[in-house]
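Some notes on the structure that comes next.
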């Protein structure tokens, strides 16, 4: 098949050095360009239409693309785990608990973010909390950095972000990484269910033979002692491994979407 374009999500493709590393890893396998998507909505459109053939995608986009006939070929491992969760956090001195959310202000990163909105929303709904009804305001601030700043400065009462699973080899909380020396001012209110990490996904517009050829190329790349680790570094993961068919299906159930839609 002809060359392919590799698309990075808006939150992962904003570092030129990472894009350059991805290009160095992929160009020997037929990649003709690595670029950053303008938005998650643009990723959906470009993958669905075949405007790009391969993308490094968040779990919900992997699940939706797989449902629509695409193929998830690789899944990442971070901290020794193939999954993560979201942590709801607040200020230590804010007096906020999971039972006193009424009338509060919550800061989310993006409507389509798993850790920054969808997972914690599902967690709250499972406890009988309806965010539009319970919260006085829901702010969508575009990044975890902005959300942490809003909580620390009292502009929001709580927010959410990435957290490693309990069994992970290395424990991480996104809000602590962002807060740095002020991390001690923040308190975790609760953790959501686990969700698969990001993956490499193929466009549903590809013919089966084209998808097979790309899956073979990426399988060979991951066996390459130079290119494989380089791509993992570019994507900021421990390593990439083959994704089992249907591995992302449960993501749709987590956010209340029909797996057969």
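Quick note: the coordinates plus some simple rules give every number you see, no bench work behind them. Every value quoted in this text rests on a predicted model; they were computed, and no experiment measured them. No Cβ is skipped: glycine too gets one built from the backbone with ideal geometry, and neighbour counts run over all protein chains shown.
Here are the numbers for the structure shown:
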read-out	value
Members of the range 27-50 that are in contact with a strand residue (DSSP E or B) (Cβ under 8 Å, 6 or more places away or on another chain) and more than 18 Å from residue 73 (Cβ to Cβ)	32, 33, 35, 36, 37
Subset of the range 149-174 [assigned to a helix (DSSP H, G or I), over 15 Å from the mean Cα position of the chain (by Cα) and touching a residue at least 40 places away in the same chain (Cβ under 8 Å)]	150, 151, 152
Considering residues of the range 90-128 that are outside any loop (DSSP other than H, G, I, E, B) and out of contact with any strand residue (DSSP E or B) (no Cβ under 9 Å at 6 or more places or on another chain) only, the residue nearest to residue 161 (Cα to Cα)	122
Residue that is surrounded by the fewest Cβ atoms within 10 Å (Cβ to Cβ) [pool: residues in the range 52-89 that are out of contact with any strand residue (DSSP E or B) (no Cβ under 8 Å at 6 or more places or on another chain) and not in a helix (DSSP H, G or I)]	80
Residue that is more than 18 Å from residue 222 (Cα to Cα), over 16 Å from the mean Cα position of the chain (by Cα) and crowded, with 22+ Cβ neighbours inside 10 Å, where the choices are 47, 26	47
Tally, over the range 205-232, of residues that are out of contact with any strand residue (DSSP E or B) (no Cβ under 8 Å at 6 or more places or on another chain), assigned to a helix (DSSP H, G or I) and within 22 Å of residue 52 (Cβ to Cβ)	11
